[in-house]
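Chemist: Quick one: the structure is below, and I'll ask about it shortly.
The values are calculated or read from the model by the stated rules, or taken from the named source; none is laboratory data. Since the structure is predicted, the reported quantities are computational estimates derived from the model, not experimental observations. Glycine also receives a Cβ, built like all others from the backbone with ideal geometry; neighbour counts cover every protein chain displayed. Quick note on the areas: whole protein, heavy atoms, side chains included, nothing else; ligands and nucleic acids left out. Shrake-Rupley method; radii C 1.70, N 1.55, O 1.52, S 1.80 Å.
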Amino acid sequence: MTSGERPTTRHRRERMVELLGAGDGTVHDLAAAFGVSLSTVRRDLAALAGDGRITRTYGGAVDHRSAERSWHDKARQHRTEKDAIARTAAALVRSGDVVLLDAGTTVARLAHALRARTDITVVTNGLSTLVELADAEVEVVVLGGRLRRPNESLLGTRTDQALRGITPDLAFLGVDGLDPRRGVNCPDPEQAALKETMARCARTAWVLADSSKLAGGGGFPYWAAVPPGTGLISVAAEAGCGERDGGDGGAARHLATFAEAGWSVLPCGRPRAPEEGPGPTPGS
């Protein structure tokens, strides 16, 4: 939520999140429940979705706890930010490194940025990363396991066993939500456990998160704790860099909160660019 909201608006939006936590809701239902116009409800839902607290649906919304978005849905969002994060992360990879790439759309953009590298080894459990690197020259090691949908990741006992025999130089984790003290928010306990293992087995671990993952903490019930000093690469606000920050440095304030909690924060800039239009498919 932004600091410029009126108390009545803030209270109404908090109540909307509570109602949506009990099930999905249409715009008409919410307008009737709060005695406001349809346009007011749509503005509220847009603000809550922008903060990462709900997921918009056709004609309404659902709480993140009851709807995990598909890979394709996530890939359409914040593409400019994800590419900026991927470029910053790729610059950290040195010749000879063994790089562990988690599943996720932002991590997939990092895989795309590493396609031309012939001097590294990539270890991954992400189907989208495998597609990105399928016709590249990068050495790839696949962590076996069960395919989990909709985030297109491999996980399970075989994945955990494979990780025990590897010490990656760098691990890059994807996230659904993030909290500076609780760690990485996850929709599944097995996924949370795997992310903890990934963060702890690497010499250095980085979380890749666009700005929508910073504000709301997370709507799912499970959390993956990360070691002190874990890195966070996200977009910092810049003058005229995009509408989400409103020019007020909102993203920078969120990053400062993570730095104060002991995260190693690496901000990256974001050029102005539209976030609409058809999204990439795995491998684009």
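One line per residue, one yes/no per condition, for (1) under 30 Å from L147 (Cα atoms); (2) modelled with pLDDT of 75 or more:
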{"position": "M1", "(1), (2)": "no, no"}
{"position": "R12", "(1), (2)": "no, yes"}
{"position": "A22", "(1), (2)": "yes, no"}
{"position": "T40", "(1), (2)": "no, yes"}
{"position": "A47", "(1), (2)": "no, yes"}
{"position": "H64", "(1), (2)": "yes, no"}
{"position": "H72", "(1), (2)": "yes, no"}
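Chemist: A further question on this structure: In this structure, does R87 turn out to be at pLDDT below 90, open to solvent by 50 Å² or more (accessible area, probe 1.4 Å), part of a helix (DSSP H, G or I) and closer than 27 Å to M198 by Cα?
Modeler: For R87, the condition - at pLDDT below 90, open to solvent by 50 Å² or more (accessible area, probe 1.4 Å), part of a helix (DSSP H, G or I) and closer than 27 Å to M198 by Cα - is not met.
Chemist: Within region 221-229, is even one residue closer than 23 Å to A49 by Cβ, within 18 Å of the chain's Cα centre (by Cα), at pLDDT below 90 and open to solvent by 20 Å² or more (accessible area, probe 1.4 Å)?
Modeler: Start the filter on region 221-229 by keeping residues that are closer than 23 Å to A49 by Cβ, which leaves 221-223.
Pick out the ones that are also within 18 Å of the chain's Cα centre (by Cα) and you get 221-223.
Now drop any that are not at pLDDT below 90, which leaves 221-222.
Filter once more, keeping what is open to solvent by 20 Å² or more (accessible area, probe 1.4 Å): 221-222.
Checked region 221-229: at least one residue is closer than 23 Å to A49 by Cβ, within 18 Å of the chain's Cα centre (by Cα), at pLDDT below 90 and open to solvent by 20 Å² or more (accessible area, probe 1.4 Å).
Chemist: For residues in region 200-219 being part of a loop (DSSP other than H, G, I, E, B) and modelled with pLDDT under 95, which is nearest to T124 (Cα to Cα)?
Modeler: A209
Chemist: (1) open to solvent by less than 30 Å² (accessible area, probe 1.4 Å); (2) over 22 Å from V226 (Cα atoms); (3) not hydrophobic (A, V, I, L, M, F, W, C): which one isn't true of P187, the others all being true?
Modeler: Here P187 meets the rest and fails (2).
Chemist: Okay, next question. Kindly list the number of the only condition in (1) farther than 23 Å from P267 by Cα; (2) touching a helix residue (DSSP H, G or I) at 6+ places or on another chain (Cβ under 6 Å); (3) outside any strand (DSSP E or B); (4) modelled with pLDDT of 95 or more that fails for S128.
Modeler: Every condition holds for S128 apart from (4).
One line per residue, one yes/no per condition, for (1) under 23 Å from K82 (Cα atoms); (2) out of contact with any Pro (no Cβ under 9 Å at 6 or more places or on another chain):
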{"position": "T106", "(1), (2)": "yes, yes"}
{"position": "V140", "(1), (2)": "yes, yes"}
{"position": "G145", "(1), (2)": "no, yes"}
{"position": "R164", "(1), (2)": "no, yes"}
{"position": "P180", "(1), (2)": "yes, yes"}
{"position": "Q191", "(1), (2)": "yes, yes"}
{"position": "L194", "(1), (2)": "yes, yes"}
{"position": "W206", "(1), (2)": "yes, yes"}
{"position": "P221", "(1), (2)": "no, no"}
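Chemist: Follow-up question, since we're still on this one. For region 90-105, name all the residues that are more than 22 Å from G156 (Cα to Cα), open to solvent by less than 50 Å² (accessible area, probe 1.4 Å) and not acidic (D, E).
Modeler: A90, V93
Chemist: Condition test on L147, is it under 19 Å from V175 (Cα atoms), at pLDDT below 95, of a type in the set (A, V, I, L, M) and open to solvent by less than 50 Å² (accessible area, probe 1.4 Å)?
Modeler: Here the answer is no, as L147 does not meet what is asked.
Chemist: In region 74-84, which residue that is at pLDDT 90 or above and in contact with a helix residue (DSSP H, G or I) (Cβ under 6 Å, 6 or more places away or on another chain) is most open to solvent (accessible area, probe 1.4 Å)?
Modeler: Step by step, filter region 74-84, then rank; the result is D83.
Chemist: So if I check each of T167, T197, which one is part of a helix (DSSP H, G or I) and either under 27 Å from L48 (Cα atoms) or open to solvent by 10 Å² or more (accessible area, probe 1.4 Å) (or both)?
Modeler: Going through T167, T197 in turn, just one is part of a helix (DSSP H, G or I) and either under 27 Å from L48 (Cα atoms) or open to solvent by 10 Å² or more (accessible area, probe 1.4 Å) (or both): T197.
Chemist: Is it fair to say T204 is open to solvent by 10 Å² or more (accessible area, probe 1.4 Å) and closer than 20 Å to W223 by Cβ? Spell out the reasoning first.
Modeler: Numbers: open to solvent by 10 Å² or more (accessible area, probe 1.4 Å): yes; closer than 20 Å to W223 by Cβ: no.
No: the conditions fail for T204.
Chemist: Residues to consider are E132, E152; find the one that is under 15 Å from the mean Cα position of the chain (by Cα), more than 17 Å from A209 (Cα to Cα) and crowded, with 19+ Cβ neighbours inside 10 Å.
Modeler: On the way: E132 fails: under 15 Å from the mean Cα position of the chain (by Cα).
Matching residue, one of E132, E152: E152.
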